[in-house]
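What follows draws every value from the coordinates through simple rules; no lab data is involved. Predicted model, so just to flag it, every value in this text is computed and none were measured. We place every Cβ from the backbone using ideal geometry, glycine too, and count neighbours over all the protein chains shown.
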Amino acid sequence: MRHSDSLAVDEVRVWCAHFDLPVRSVDRLAGLLGDEEPTRARRFRFQRDATRFVVSRAALEPASGCVAAIAAEGRSARLECYAWVPAT
């Protein structure tokens with residue numbers, strides 16, 4: 001999706017992220033994050049939680065870019081984040 005895409009007044013976009021990724025993929029996503037976020041991810045006690053942090057932060061990048069583009073058009077937009085993690 002391009003950040004310049006515009007939303008219709010009655011349009012909603014939903015982004016989903018899967019947390020069951022190979023370590024190599026998570027490492028690539030960590031490389032997309034800001035300088036502080038990989039450091040924050042290493043503070044988690046369990047690798048599962050660090051992976052969820054990295055994947056969710058990387059997934060938010062295109063969503064936040066879309067919201068910023070809409071705001072630049074002078075319209076209001078809201079970004080809401082919900083986590084659903086199936087019981088293991």
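For the peptides 30-37, 50-57, 13-20, residues were scored by their other Cβ atoms within 10 Å and the scores averaged per peptide; the highest-first order is 50-57, 30-37, 13-20. Phi angles across the range 22-38 convert, under the Karplus curve 6.51 cos²θ - 1.76 cosθ + 1.60 with θ = phi - 60°, into 3J(HN,Hα) values of x, 4, 4, 5, 5, 4, 5, 5, 4, x, 8, 7, x, 4, 7, 5, x Hz, Gly and Pro given as x.
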